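Working notes, beginning with the structure itself.
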């Protein structure tokens, strides 16, 4: 009985550990667009993040741990745009300062905090 319980625990750790580790592999070299605003995009490349925040381009680093994504060393261009686009950009970039829950849904859409990103067609 003890062996059965130990086996079940080890199998669970293996499955959940692989799932968490695979997130970075799955999103690496991929780009996504925001479902509600395709001007906002995000892409991943070996620990680096990049995209468009609606008006400006941004870049930085990211790490995923325990179902959360954290962004660091973020920088962006500083162009002006339409007021609505600038407001959306400010809200989006501000949200990236926090550690956010991250997951993939069954359709490989990426959920980062409140944002739903759809794979971008090449």
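Brief remarks on what is shown
- Checking the stated criteria, residue 80 turns out to be at pLDDT 95 or above, surrounded by fewer than 13 Cβ atoms within 10 Å (Cβ to Cβ), farther than 12 Å from residue 34 by Cβ and touching a helix residue (DSSP H, G or I) at 6+ places or on another chain (Cβ under 9 Å).
- Of all residues making up the range 22-69, the number that are closer than 18 Å to residue 99 by Cβ and out of contact with any strand residue (DSSP E or B) (no Cβ under 8 Å at 6 or more places or on another chain): 2
- Meets criteria (at pLDDT below 95, loosely packed, with under 15 Cβ neighbours inside 10 Å and farther than 17 Å from residue 28 by Cα) for residue 91: no
- Pairs where the first residue, in the range 76-88, is in contact (Cβ under 8 Å) with a residue 40 or more places away in the chain and the second is in a loop (DSSP other than H, G, I, E, B), C-beta under 6 Å, 6+ apart: 85/54; 85/55; 88/54
- Each residue in the range 18-60 was checked for being closer than 17 Å to residue 111 by Cβ, buried (at least 18 other Cβ atoms within 10 Å of the Cβ), touching a residue at least 24 places away in the same chain (Cβ under 8 Å) and in contact with a helix residue (DSSP H, G or I) (Cβ under 7 Å, 6 or more places away or on another chain), and 1 of them qualify.
The values are calculated or read from the model by the stated rules, or taken from the named source; none is laboratory data. Source: prediction; values computed, not measured. Cβ coordinates were reconstructed from backbone atoms using ideal geometry, including for glycine residues, and neighbour counts include every protein chain displayed.
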